[in-house]
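Some notes on the structure that comes next.
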Amino acid sequence: MTTELRRLRNYINGEFKDAADGGTIEVINPATGDAYATSPLSREADVDAAMAAAAAAFPAWRDATPAERQKALLKIADAFEERAEDLLAAECENTGKPVELTRSEEFPMMVDQIRFFAGAARMLEGRASGEYMEGFTSMVRREPVGVCAQVAPWNYPMMMAVWKFAPALAAGNTVVLKPSDTTPASTVLIAEIIGAILPKGVFNVICGDRETGRLMVEHSTPAMASITGSVRAGMQVAASAAKDVKRVHLELGGKAPVVVFEDTDIAKAVEDISVAGYFNAGQDCTAATRVLVHEAIHDEFVEALAKAAADTKTGGPDDADVLYGPLNNANQLEQVTGFIDRLPAHAKVEAGGHRVGDKGYFYAPTVVSGLKQDDEIVQQEVFGPVITVQSFRDEAQAVEWANGVEYALASSVWTKDHARAMRLSKALDFGCVWINTHIPLVAEMPHGGFKKSGYGKDLSAYGFDDYTRIKHVMTSLDG
């Protein structure tokens with residue numbers, strides 16, 4: 001007996017539509033490895049239609065007052081809460097995430113972030129109007145940039161969609177958003193919810209693959225391209241956008257150092273770091289995956305971390321007693337497995353290091369010790385439930401090794417020495433430095449990195465500002 005797959009559709013100009021040429025992609029549930037839906041494989045005609053709709057809707061949405069945009073976003077947040085169970089079901093089918101953990105740890109933050117940007121819509125900032133030259137008054141206008149082409153990743157499909165559309169809409173832009181080809185279901189449902197609130201064409205969703213994203217970024221209509229994804233994808237977007245000087249907003253990979261000093265409370269640090277490393281199967285650019293621990297406590301720390309890994313459980317969406325679900329797709333399982341298979345002889349797998357079960361894409365919580373700074377697994381993003389451990393001798397070496405990767409998104413320092421913590425918060429070349437914690441985010445504070453982790457900020461007023469442009473207006477006092 002063949003189960004009929006659910007059909008997901010694009011949302012363009014207020015209507016759900018198949019791809020113009022009928023192309024589709026099978027969507028796989030990573031907890032089972034089985035297809036559960038098809039989504040459109042959008043191409044030029046679909047991208048053209050979505051961009052045309054967004055461009056046509058832009059003037060009216062741009063001219064809506066901040067209060068009107070705020071009201072719309074607050075309605076969206078309320079509607080998300082009303083459809084919470086539907087959104088959770090779609091997200092967990094998308095990703096295999098534990099339902100209860102997603103309900104408690106992701107969904108409230110997501111709704112709060114929409115409400116934050118609703119408030120930001122009415123808090124436009126700029127220099128005070130004044131006479132900076134005799135006889136002339138200057139003022140600053142903060143305006144939306146226009147149509148925004150946005151590409152969201154598969155690790156947090158719902159939340160990353162919010163990080164894209166909420167500041168863009170709050171600032172008065174219109175949006176064409178593409179979810180990952182492996183996780184379109186929750187974004188299509190978001191389109192249904194938002195479509196009942198916003199004017200036609202303000203928010204559009206097109207599904208597809210990497211080629212679809214390329215067509216969006218290279219299209220002549222968008223004034224801005226925003227992507228959360230791999231460094232390779234970000235570099236391709238930046239190169240494509242450069243052809244017509246589009247604005248680009250990039251949130252790319254990470255390889256967060258977790259610097260643990262000898263005065264740290266080992267039990268508390270291990271508990272917090274293991275959660276921050278394994279949450280969402282380590283599929284988080286800020287995950288606590290690269291631990292640098294002082295040589296004086298190295299062996300004790302590794303032993304405790306290996307035990308924490310052994311006690312950490314992975315399982316399906318309906319299992320309430322697990323910390324994380326499967327890796328998102330077969331390619332990701334192969335990538336994580338490859339890193340472990342290629343470990344150098346001096347490395348030691350202290351826990352895990354293997355697939356769990358033969359159904360779905362589950363991987364055991366893993367700890368690897370004995371590593372050197374130039375090892376592949378230290379330098380490159382694994383994006384899986386794997387924590388590496390290195391031993392450092394002093395503060396200078398810790399900083400050197402922490403900064404000695406091409407990524408610069410997030411980091412943390414674990415010490416009771418306040419002065420040391422302040423020194424490292426300055427010395428660590430990362431967009432975020434946590435002290436005695438790792439991974440909490442709040443809507444009011446910026447999230448974004450340096451180096452190959454990209455540029456631009458998500459969340460906060462800085463994230464809102466990224467979706468605006470600045471215009472100087474000067475008037476003569478004589479006329």
message: What's the number of the only condition in (1) closer than 23 Å to residue 309 by Cα; (2) over 17 Å from the mean Cα position of the chain (by Cα); (3) surrounded by fewer than 19 Cβ atoms within 10 Å (Cβ to Cβ) that residue 440 fails to meet?
response: (2)
- prompt: Can you tell me which of 189, 169 is closer than 22 Å to residue 250 by Cβ and either open to solvent by 10 Å² or more (accessible area, probe 1.4 Å) or at pLDDT 95 or above (or both)?
  reply: 169
- request: State all residues of the stretch 412-455 that are more than 27 Å from residue 248 (Cα to Cα) and of a type in the set (Val, Ile, Thr); if no residue qualifies, say none.
  value: 413, 415, 435, 437
query: When the residues of the stretch 328-355 are filtered to those that are touching a residue at least 40 places away in the same chain (Cβ under 8 Å) and in contact with a strand residue (DSSP E or B) (Cβ under 6 Å, 6 or more places away or on another chain), which remaining residue is nearest to residue 397 (Cα to Cα)?
result: 350
message: Under 7 Å between Cβ atoms, which residue pairs at least 6 apart in sequence (or on different chains) link something in the stretch 39-63 that is at pLDDT below 95 and assigned to a strand (DSSP E or B) with a partner that is buried (at least 24 other Cβ atoms within 10 Å of the Cβ) and of a type in the set (Phe, Trp, Tyr)?
response: none
- prompt: Can residue 284 be described as modelled with pLDDT under 95, not in a strand (DSSP E or B) and not hydrophobic (A, V, I, L, M, F, W, C)?
  reply: no
message: Within the stretch 235-250, take every residue that is within 22 Å of residue 429 (Cα to Cα) and in contact with a helix residue (DSSP H, G or I) (Cβ under 8 Å, 6 or more places away or on another chain) and give me the one that is most open to solvent (accessible area, probe 1.4 Å).
response: 248
- line: Pairing a residue in the stretch 449-468 that is in a helix (DSSP H, G or I) with any residue that is buried (at least 20 other Cβ atoms within 10 Å of the Cβ) and not hydrophobic (A, V, I, L, M, F, W, C), where Cβ atoms lie under 7 Å and the two sit 6 or more apart in sequence or on different chains, gives 463/167; 463/457; 464/167
- prompt: Do we have residue 460 as crowded, with 17+ Cβ neighbours inside 10 Å, touching a Pro at 6+ places or on another chain (Cβ under 6 Å) and either over 19 Å from residue 252 (Cβ atoms) or not charged (D, E, K, R) (or both) here?
  reply: yes
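Looking at 269, 276, 306, 310 in this structure, which one is on the phi < 0 side of the Ramachandran plot and surrounded by fewer than 16 Cβ atoms within 10 Å (Cβ to Cβ)?
Step by step, each of 269, 276, 306, 310 is checked, and only 310 is on the phi < 0 side of the Ramachandran plot and surrounded by fewer than 16 Cβ atoms within 10 Å (Cβ to Cβ).
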- prompt: Name the residues in the stretch 84-101 that are buried (at least 20 other Cβ atoms within 10 Å of the Cβ) and without any contact (Cβ under 8 Å) to a residue 24 or more places away in the chain, would you?
  reply: 88
field: Residue that is nearest to the chain's Cα centre (by Cα) [pool: residues in the stretch 107-125 that are within 30 Å of residue 475 (Cβ to Cβ) and surrounded by 14 or more Cβ atoms within 10 Å (Cβ to Cβ)]
entry: 120
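Within the stretch 24-47, can you find the residues that are surrounded by 15 or more Cβ atoms within 10 Å (Cβ to Cβ) and over 13 Å from residue 207 (Cα atoms)?
Matches in the stretch 24-47: 28, 29, 30, 31, 32, 33, 36.
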- prompt: In the stretch 125-151, what residues are touching a strand residue (DSSP E or B) at 6+ places or on another chain (Cβ under 7 Å) and of a type in the set (A, V, I, L, M)?
  reply: 139, 140, 145, 147, 149, 151
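The values are calculated or read from the model by the stated rules, or taken from the named source; none is laboratory data. On a predicted model such as this, the values are computed, not experimentally measured, just so you know. Backbone-built Cβ (ideal geometry, glycine too); neighbour counts: all protein chains shown. Keep in mind that these areas ignore ligands, DNA and RNA; they rest on the heavy atoms of the full protein, side chains included. Shrake-Rupley method; radii C 1.70, N 1.55, O 1.52, S 1.80 Å.
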